[in-house]
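S.K.: Would you mind keeping the following structure in view while I ask a few things?
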Amino acid sequence: MPRLKTSFAVILSIVLLTVAGCASGGQQSAGGKVKVVTSFYPLYDFATQIGGEHAHVVNLVPAGVEPHEWQPKSRDTQRMVNADLFIYNGAGFEGWVRDFLDSLKPGEKPVIVEASDGIELIRGESATGHHSDEEDGHEGHGTEYDPHVWLSPLQAIRMAENVKDGFVRADPDHKADYEANFRTLSDRLQALHQKYEQSLAGARGKEIVVSHQSFGYLCRDYGLKQIAIMGLSPDSEPTAQDLKRVRQLVRERGIKVIFFEKLLSGKLVKTIAEDAGAETLVLDPLEGLTPEEEKAGADYVSIMESNLQNLLKALQ
Ligand code: ZN
C-alpha cells in the first residue's frame, strides 16, 4: 500500500512537471484560461468578446502590420501549437495556414476554427470590375476565392458563430457563458447589419473606388459595386493600364471620393484623386488596427460604423 502511494506521488509529480513544462514552452501560462490564438484582428476582437473572462487571446499579426504578406515566425508557430483553440479566417487569406495545419501531429491538435466556414464565397475573378483579360499575372497568391468575408456585417455574424462553436468545443464547461457572450456580440452585429442595409439602400451612388479589392462581400450584400485600384492582395501592383482604367472610370462616372487604407501608403490613391479632382477618405478593410486605434479602444463594430459614415459621404 505505501509503495503504491509513493508511485502515485511520483507519477503525479511527473504529470505536474510535464504540465508546467508545456505551459512555459509556449507563452506564459494562461492561468487556467483557454489559450486562444487568432490569425488577425477581427477574429481577435470576436474571440475576446466571446471568450470573455475564460479566455486568454493572442493575436498573431501585430497592430500596424498588413496581414496579406505576413508569415509566422517560429515563436508564432510555437504559440499556435500550444493553443487550446486556433482561429483563422480561411478562404485563402492565410497563405501559410495549410503548412501549419499539415504539420500538426494528431495528439497535439488545438481545436481548429475556420471562421469563414459555411459562408458562400466569391470567386477571385468575379469579385471585381477588373477585366483581367489583359494578363493573368495576378496569380500565385491563393486568390481562387475572395477572402474578405469579414467586411460584410452579415457574414461577420456567421463568423462570430463559428468562433463561439469553437469555444464550446474547446471548453464545454463554460458553454452557457460563451452562448451568452455570443448573443451580446451578435446583437451588436445584427444592429450594424441593419444600419448598413437601411442607409445604403437609400444612397444615390452605388459605385465605390477602393485601394485593394477587399469589399466584395460588403458590395454583394449591400448592393454596391467596387472599382479596385489593386487586386485581392495589396501587393499586386496595379499596371499602367489598371491605373488608366481607374482614372477613366472616376471621370466618366463622376465619382467624388476615392478610398484609401491606413495600413497602406496612400500615395497612389492621392495621385489618382488629384488627377480626377476627387476627394480621399478612409475605408478600412479591418485587416488590422493601427497602434493609435488600438490605444483608442476601437473595435470591429466602431470601425465598421465609421466606414459606413464615409461610404454614405461618398455615395450621397
Ligand atoms: Zn485584403
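S.K.: Work out, step by step, the length gained on full extension between Asp275 and Arg253: first 0.36 nm times the residue separation, then minus their alpha carbon distance; give nm to one decimal.
M.R.: 6.5 nm
S.K.: Now for a separate question. What are the lysines whose alpha-carbon lies under 20 Å from the alpha-carbon of Lys295, with same-chain residues fewer than 8 places away excluded?
M.R.: Cα-Cα hits under 20 Å: Lys262.
S.K.: Oh, and also: For His54, what charge total do you get from the other residues with a beta carbon under 14 Å from its beta carbon, if Lys and Arg give +1 and Asp and Glu give -1?
M.R.: Net charge around His54: -1.
S.K.: Would you work out if the stretch 25-89 is rounded, prolate or oblate? Take a ≥ b ≥ c from the square roots of the eigenvalues of the alpha-carbon gyration tensor; rounded if a/c is under 1.5, else prolate when a/b is larger than b/c, oblate otherwise.
M.R.: oblate
S.K.: Let me ask something else. Roughly speaking, what is the stretch gain from Lys206 to Glu53, that is 0.36 nm per residue apart minus the C-alpha to C-alpha distance, in nm to one decimal?
M.R.: Between Lys206 and Glu53, full extension yields 50.9 nm more.
S.K.: I've got another one for you. Can you tell me the length gained on complete extension of the stretch Asp173 to Lys195, counting 0.36 nm per residue apart and subtracting the Cα distance?
M.R.: Separation in residues times 0.36 nm, less the Cα-Cα distance, equals 4.4 nm.
S.K.: How big is the accessible area of Ile112 in square angstrom, nearest 10, if you roll a 1.4 angstrom probe over the protein chains?
M.R.: 50 Å²
S.K.: A follow-up question, please. Could you sort the peptides 103-111, 37-45 by per-residue average Cβ neighbour count (10 Å cutoff), highest mean leading?
M.R.: 37-45, 103-111
S.K.: If you don't mind, there's one more thing I want to ask. Could you rank Thr239, Thr184 by how accessible they are, 1.4 Å probe, largest area first?
M.R.: Most to least solvent-accessible, the answer reads Thr184, Thr239.
S.K.: In addition: Sort the following peptides by mean Cβ neighbour count (other Cβ atoms within 10 Å, averaged over residues), highest first: 295-304, 47-56, 67-76.
M.R.: Taking the mean over residues of other Cβ atoms within 10 Å, the ranking is 47-56, 295-304, 67-76.
The values are calculated or read from the model by the stated rules, or taken from the named source; none is laboratory data. Note that the structure is a prediction, hence the values are computed from the model and not measured. No Cβ is skipped: glycine too gets one built from the backbone with ideal geometry, and neighbour counts run over all protein chains shown. For the accessible areas, the whole protein counts, side chains as well, though only heavy atoms, and no ligand, DNA or RNA atoms are used. Shrake-Rupley method; radii C 1.70, N 1.55, O 1.52, S 1.80 Å.
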